[in-house]
1. Within the stretch 508-516, is even one residue surrounded by 24 or more Cβ atoms within 10 Å (Cβ to Cβ) and of a type in the set (Ser, Thr, Tyr)?
2. Among the listed residues Ala98, Ala120, identify the single one that is aliphatic (A, V, I, L, M) and open to solvent by 30 Å² or more (accessible area, probe 1.4 Å).
3. If the Cβ limit is 6 Å and pairs must be 6+ apart or interchain, which residue in the stretch 419-441 that is of a type outside the set (Val, Ile, Thr) pairs with which residue that is surrounded by fewer than 19 Cβ atoms within 10 Å (Cβ to Cβ)?
4. Pick out the one residue from Arg393, Arg348, Arg333, Arg317 that is out of contact with any strand residue (DSSP E or B) (no Cβ under 8 Å at 6 or more places or on another chain), free of Cβ contacts under 8 Å to residues at least 24 places away in the same chain, open to solvent by 20 Å² or more (accessible area, probe 1.4 Å) and not polar (S, T, N, Q).
5. Given the structure, is His185 at pLDDT below 85 and not acidic (Asp, Glu)?
6. Among (1) surrounded by fewer than 23 Cβ atoms within 10 Å (Cβ to Cβ); (2) in contact with a strand residue (DSSP E or B) (Cβ under 9 Å, 6 or more places away or on another chain), there is one condition Val52 misses while meeting the rest; what is its number?
7. Given the conditions (1) of a type outside the set (Ser, Thr, Tyr); (2) assigned to a loop (DSSP other than H, G, I, E, B); (3) modelled with pLDDT of 75 or more; (4) open to solvent by 20 Å² or more (accessible area, probe 1.4 Å), which single one is not true for Glu234?
8. Considering only the stretch 438-448, I want to know if a residue exists there that is over 26 Å from Gln75 (Cα atoms), surrounded by 14 or more Cβ atoms within 10 Å (Cβ to Cβ) and at pLDDT below 90.
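The values are calculated or read from the model by the stated rules, or taken from the named source; none is laboratory data. Just so it is clear, the structure is predicted and the values come from calculations on it, not from any experiment. All Cβ positions, even for glycine, are placed from backbone atoms using ideal geometry, and neighbour counts span all protein chains on display. Quick note on the areas: whole protein, heavy atoms, side chains included, nothing else; ligands and nucleic acids left out. Shrake-Rupley method; radii C 1.70, N 1.55, O 1.52, S 1.80 Å.
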Amino acid sequence: MAASILTTKLYIPPPRPGLVLRPHLVKQLNDNLPRKMTLISAPAGFGKTTLVSEWVADRTAAWLSLHERDNDPTQFLTYFIAALQTIAPTAGQWVLAALQTPQPPPTEIILTTLLNEIAAIPDHFVLVLDDYHVIESETIDQFLDFLLDHLPPSMHLVIVTREDPALPLARLRAAGQLTELRAAHLRFTQAEAAAFLNQVMGLHLAAAEVAALENRTEGWIAGLQLAALALRGEAETSQFIQSFTGSHRFVLDYLVEEVWAQQPANVQTFLLATAILERLCAPLADALVQDSTIDGAEMLAYLERANLFIIPLDNERRWYRYHHLFADLLRQRLQAQAPTAIQSLHQRAAAWYEQEGWEMEAFSHAAAAQDIPAAARLLAGKGMPLLFRGAARPVLAWLASLPASVLDAHPYLWVTYANAILFQSQIVGVEEKLQAAEAAMTGAALDEAARDLIGYIATTRATIAVVQQDVGQLIAQSRRALDYLHPANLPMRTATTWTLAFAYQLRGDRVAAEYAYREALGISEKIGHFIITLMASLGLGHIQEMQLDTEAAAATYQRVLALAGEPPLPVACAAFGGLARLAYERNNLAEAEQYGETAAQLARQIEKTDRLVTFLLFLAQLKLAQGNEVAATAYITQAEQFAQQHQFSQQMPAIAAASIQLLLYQGNVAGAAQRLHRYDLPLSAARVALAQGENAAALTLLQGWQQIVEAKGWRDEQLRGLLLLAVAYQAVEEMETALDQLTTALTLAEPIGYVRPFFDEGPPMSRLLAAAAQRGIRPTFTTRLLTLWTDHPASEQLLVEPLSQRELEILRLIAQGFSNQEIGERLYLALDTVKGHNRRIFAKLQVQRRTEAVARGRALGLI
């Protein structure tokens, strides 16, 4: 469900009649436009908003008027994107969709994606954040800090505020990237005060009287406006001007009393009844005033004509707001004069907003009225809880203010309370709230609403299990949620189905995972749940890839890239990674490298994910396949450092496996064995055992592993295991069994064009393939593999001149630690003859020492 957007927050305030132009300030703003940011910071009533609206009137600009409710990061970003879309309609569409899901992607993905889309806006534009002083959220400050650090040259940010924001102003100032206008710049000069008082407000004051007013108000525009309103009822202007002095607060209080006293009773009634509103229009005002003698539309027109601190928010003059200072004073007066009316006014406002479909605003007024049933109903939303549409912060604040007895009477509120805490990235207290909800439901009828609430509780516990990486609890709670959630609660059901699929994949149950991914995908496409469509497609593509359904996997990954747009969303790194692996297995190394580097580049834009480790390890494998040992080493080092820095312990086994592969390639069997001891890596352990000459041990390991992967139906692991089993059987001289294993592997690989798994097993595999070719086993594919073998980098590892049988015999004795003298005694050879054989062995292996010869021989499968 799309979030309701109050479009008046996005309107640039239209110019007021008789506006006092301020060309010197506009010029200053124009001259400094190449800088990153303009800060306009001054107390209320200095004309900040009026100046900026005048300045941006003739340029491309987006505008966002902020409110206390916008402290919720989701709501802030929703409106931030809505403002951008007033100048670039397609900007931020994916981010907006992602924000409206029960399980949004990580903040880093959202911000990076949004920044990329801002950078894609071709025209230079200004984005104005008005009333930023209401923002207290550190998360939002951090977002703007990130934005300013990476601000595209086409964008200029303007912040209008009563107090300086918690942003790196000193750094921007020192870098020459900040323009500042403060109260001293904004105060009216005497000439501007004269134009305002005499031309705009219709007074006829002498220069000395203007100067006196300007001096007493210190050029404070709101003070001058109040003084002008008060002077309309005064015969002795000079005496009145001399009668007030002091601070802005004193002047304000004094002048408001004067202005208020001059208003007719019907105007005072209207002002008090609408004082609770952030924004007002005629129908909304009528709903609150409920006086047939007062017409809302006529009253708003009168207030604007009278310059009575009302500001139009659109060109049609439909929506208005009171000046902030005036609104504050009206609320104080309402509290003093009619405190008992405040609750009913909020209830009327809530009812009007709900009828018009503005659930967020309706909830705000219902909460202010402490109308618990109405607020609870509005929280539930229509299809998606209000909590998931940017209301986490105000919802949490309201729920925290309620006594337990109220929450017990409405168990849904306990569950909402728990999820509001989760939305603040906290877990402490969540389970306590869920248990309170269950206790409150004890004895209640198990109707549809109660069952749906039980499902909501289970979904919340599944979310906690994701954070805690508790796969068993994740599966159990996801299943429970799907059993209880109402069939019509599709947004929550599809998100929970994806969570269940992910849990199945973590557990290795690929059949169940694929089924659940397809189910989540079907529902999400039906209801337009974009983020689940994207994530379920990625999961499905990975399952298809692992199960060797390569054409389907490639098509799924390409669909993800189409969804991810251009430039692609960072989450699309998984699709690029999948395409890279598919290209690698088919020996399309250039294509694989291009996809792999793109995947790594996108993954770097996501700070809190271990995906970068996966892609760095892939690039290391690719470089090793190209014979670039130095680059492979560098990639593995990067991956290990990144994983250690971010405490991605779950990636350490994969890093160890890549390191072992590299060490064996280098002939460092002892180093590979040492690295192996820390982790359970069956295939790596078998390769180390083969390199050590422990062929029987390797065979035992592989036979046990193959039984496991065949039982689970893991086709990719079956293929790798078959190839390594074939090599192991060859090592123990069981050639017929070795060729049986190879035949099965060829049967799996030929239809999908996989050749790299054969090359990656090195020279022992080439000898097996040659034997298979002689036997006529899968002749077309075997011939192709042998033909390709001479063209790929691994062929560099084959010897130009093979070792003779005697040289192989001596090399193997060297590997067992025998000295030249001992070798001569065992083979009945003279010492000089042994040394001559050594020289020829070293030359053929291109080494200089006995240890290097052993390592090289093991790498080539000679030992």
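1. Taking every residue of the stretch 508-516 in turn, none turns out to be surrounded by 24 or more Cβ atoms within 10 Å (Cβ to Cβ) and of a type in the set (Ser, Thr, Tyr).
2. Checking each option against the conditions leaves just Ala120.
3. Close Cβ pairs (under 6 Å, with a partner that is surrounded by fewer than 19 Cβ atoms within 10 Å (Cβ to Cβ)) amount to Ala440/Asp408.
4. Result: Arg317 is the single residue among Arg393, Arg348, Arg333, Arg317 that is out of contact with any strand residue (DSSP E or B) (no Cβ under 8 Å at 6 or more places or on another chain), free of Cβ contacts under 8 Å to residues at least 24 places away in the same chain, open to solvent by 20 Å² or more (accessible area, probe 1.4 Å) and not polar (S, T, N, Q).
5. No: the conditions fail for His185.
6. Condition not satisfied by Val52: (1).
7. Of (1) of a type outside the set (Ser, Thr, Tyr); (2) assigned to a loop (DSSP other than H, G, I, E, B); (3) modelled with pLDDT of 75 or more; (4) open to solvent by 20 Å² or more (accessible area, probe 1.4 Å), only one is false for Glu234: (3).
8. Looking through the stretch 438-448, none of the residues is over 26 Å from Gln75 (Cα atoms), surrounded by 14 or more Cβ atoms within 10 Å (Cβ to Cβ) and at pLDDT below 90.
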